[in-house]
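Structure record follows, encoded as structure tokens.
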Amino acid sequence: MVWQSPIAPGVTFYQSTIAERPEYPALDGSKTTDVAVIGGGYTGLQAAYNLAKAGIAVTLIEGHRFGDGASGRNGGQFGTGQRWSPEETEAELGYERSRALFDMAEHAKKYVLDFAETQGIDIDFIPGQMNVSHKRGHDREYRESAEIAAARYGYTHLSFMDQEETRERLGSKRYFCGVRDTGTGHINPLKLLVGLARAAHAAGADLREMTPATSIRQAGGKTLIETPTGTITADRVLIATNAYIGNLEPVTAAHIMPIRSFIGATVPLDTFPSVIPGSEAVADSRFVVRYFRKSRDGRLLFGGREAYTADNPIDISSHIRRHIAEIYPELADIEMTHAWGGSVGITLPRKPFAREVMPGVTSIGGFSGHGVMLSNYCGKLYADAVIGKAPELDLLKDLNIGAFPGGASLRKPLLLLALTWYALRDRF
Ligand SMILES: Cc1cc2nc3c(=O)[nH]c(=O)nc-3n(C[C@H](O)[C@H](O)[C@H](O)COP(=O)(O)OP(=O)(O)OC[C@H]3O[C@@H](n4cnc5c(N)ncnc54)[C@H](O)[C@@H]3O)c2cc1C
């Protein structure tokens, strides 16, 4: 039977590409460990893998199955740099910090690709990504952005695309200019996730699926995590639950908000060779970003629609197909084979959140739709910090992300209002 995530709607296309998805047993009694990790997405599993490799006893608990959160269901686009352009970050934080954050994302990119290669995980990597403008009049801005990346950040893989080139490379008349990035690409996220869990298990991490943490408390210098089937006592804890934090820990919940995003997959586009002939990934300039790409077998995987409430949309497929038809009218009747959603963890400034929320308890998440590379790398950096190696994670801790305003009861309605306003602006 096809597995349906209990925390996200729809069955993903990625599930059909995985031959074998090992199951890991639930926790079956109390235990003591050096480090406990809560959450089995990229962040948690990378932390567990790297800690186990360093000989540290680590137990990871996942409330459902690995990949049920964002890491197994995302758009698979790496991008380059952080969520914001380096020049925007520079204007806010100055060159040194902006450069360090840019370099960190480059380290993340290299880390993920090297990890997949050394572990022999075929992640369906396809090179190339294009950021495109859905409005006229932004040529100068896009051109300058490519120039700044090369001149100030040493990143020479960006090239400006005028309207004609943009139309050709996308196979669509809906966009007006863009930047093509040949130094990045896109992947099958679930293949990475499944391979990562295998690697963590092989390295000696104690991995437990179907084991939700129900509370975290501290006693006698240790942290105790309650689950339905036992208590874990740990010297250190990583909270890697990202958008799915719920009520488990209030500081994380105040800083990371879930936003739902939805993706649809078409049948392979064999008879539409003009659609992204170079197979790059695409992200557009809308506030509610439309992100799409071709899979290795030639399907269009198209993401875009967002929702800010917990309700599942009734018909994700038709909605996504309408978005596709706006960009590719010839695909108005294309058959959709899969449609699904997941929760993206966002922070107020759309920068990652990393903080010690209790003594010995670190929380990491809020990659704001830009976490495929970064969450993997942050999991590794957490392990580095435990081992006493490179303090690169401090770059994120120093961002000092603020909480969403409005407190527990008001912040969701306030956010909903703000986001709906920005989403409306996309239509003008
Ligand atoms: C639809 C969608 C499209 C996206 N597209 C892109 C993209 O193209 N590019 C990009 O860079 N990023 C994208 N993202 C974001 C990216 O997927 C995330 O940033 C990244 O996967 C975060 O990984 P994580 O490990 O921090 O969180 P997750 O993968 O969400 O893992 C958190 C895990 O914690 C578990 N958990 C929660 N509570 C508990 C508990 N109490 N006890 C035990 N376990 C618990 C959850 O079940 C979940 O498995 C997208 C996200 C979505 C949803």
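The values are calculated or read from the model by the stated rules, or taken from the named source; none is laboratory data. Please read these numbers as outputs of a predicted model, since none were measured by experiment. Quick reminder, even Gly has a Cβ in these numbers, built from the backbone with ideal geometry, and neighbours come from all protein chains shown. Just so you know, the surface numbers come from the protein's heavy atoms only, side chains and all, with ligands and any DNA or RNA stripped out. Shrake-Rupley method; radii C 1.70, N 1.55, O 1.52, S 1.80 Å.
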Using a basic spin-label model with each label point 7 Å from the Cα along Cα→Cβ, how many nm lie between Thr271 and Thr233? 6.7
Could you tell me the convex hull volume per residue, in Å³, taken over the Cα atoms of region 135-216? 235
Positive end of the charge dipole of the chain (Lys, Arg +1 and Asp, Glu -1 on Cβ, about the Cα centre): tell me which of Gln119, Gly278, Ser343 has its Cα farthest that way. Ser343
Per residue accessible area in Å² of the chain, where ligands, DNA and RNA are left out and the probe is 1.4 Å: 41
Treating only Lys and Arg (+1) and Asp and Glu (-1) as charged, each at its beta carbon, one finds that region 221-360 has a dipole about its Cα centre, in Debye to the nearest 20, of 380
Summing -39500 (n - 2.57) over every DSSP H run of at least 4 residues in the chain and dividing by its residue count gives a helix-only mean residue ellipticity at 222 nm, to the nearest 500 deg cm²/dmol, of -10500 deg cm²/dmol
For all pairs of alpha-carbon atoms in region 246-298, what percent lies in each bin of width 5 Å, listed from the first bin to the last filled one? 4, 14, 18, 16, 12, 11, 9, 7, 6, 3, 0
Calculate I(q)/I(0) for region 45-173 by the Debye formula, one identical point scatterer on each C-alpha and no solvent, and give its log10 at q = 0.14 Å⁻¹ to two decimals. -0.86
Run the dipole for the chain about the Cα centre, Lys and Arg Cβ at +1, Asp and Glu Cβ at -1, nothing else charged, and hand back the magnitude in debye, nearest 20. 620
For region 358-404, shape from the Cα gyration tensor axes a ≥ b ≥ c, cut at a/c of 1.5 then a/b versus b/c, turns out oblate
Place +1 on the Cβ of every Lys and Arg and -1 on the Cβ of every Asp and Glu in the chain, take the dipole about the Cα centre, and give the residue among Ala199, Asn188, Gly40 whose Cα lies farthest towards its positive end. Gly40
May I ask you to give the average projected area over all directions of the convex hull of the Cα atoms of region 198-276, in nm² rounded to one decimal? 9.6
Given charges of +1 on the Cβ of Lys and Arg and -1 on the Cβ of Asp and Glu, with all other atoms neutral, how large is the dipole of region 192-245 about its Cα centre, in debye to the nearest 20? 80
Computed Rg/Rh of region 94-142, alpha carbon atoms with Kirkwood Rh: 1.15
How big is D for the chain, in µm² s⁻¹ as a whole number, if Stokes-Einstein is applied with the Kirkwood radius of its Cα pairs at 20 °C and 1.002 mPa s? 98
Mean separation of Cα pairs under 8 Å and 6+ residues apart, divided by the residue count of the chain: what relative contact order is that in percent? 23
Note: region 38-88, point scatterers on Cα, Debye, no solvent; log10 I/I(0) at q = 0.17 Å⁻¹ equals -0.67
Mind pulling up the Rg/Rh value for region 231-349? Radius of gyration and Kirkwood radius, both on Cα. 1.09
Considering only the other residues whose Cβ falls under 9 Å of the Cβ of Ser368, what net charge follows from Lys and Arg at +1 and Asp and Glu at -1? +3
In region 326-389, what GluC sites (Glu not before Pro) fall in a loop by DSSP, with at most 11 other Cβ atoms inside 10 Å? Glu335
Show me the trypsin sites (Lys or Arg not before Pro) within region 136-207 that DSSP assigns to loop and that have at most 15 other Cβ atoms within 10 Å of their Cβ. Arg136, Lys173, Arg174
Can you tell which of Asn400, Ile334, Val179 lies farthest toward the positive end of the dipole of the chain, using +1 and -1 charges on the Cβ of basic and acidic side chains (Lys, Arg; Asp, Glu)? Asn400
Quick one: compute the contact order of region 30-129, relative version, from alpha carbon pairs under 8 angstrom and 6+ residues apart, as a percent. 20
Within the accessible area of region 168-302 (1.4 Å probe), percent carbon and sulfur: 52
Give me Rg/Rg_expected for region 1-70, where Rg uses Cα atoms only and Rg_expected = 2.2 N^0.38 Å with N residues. 1.24
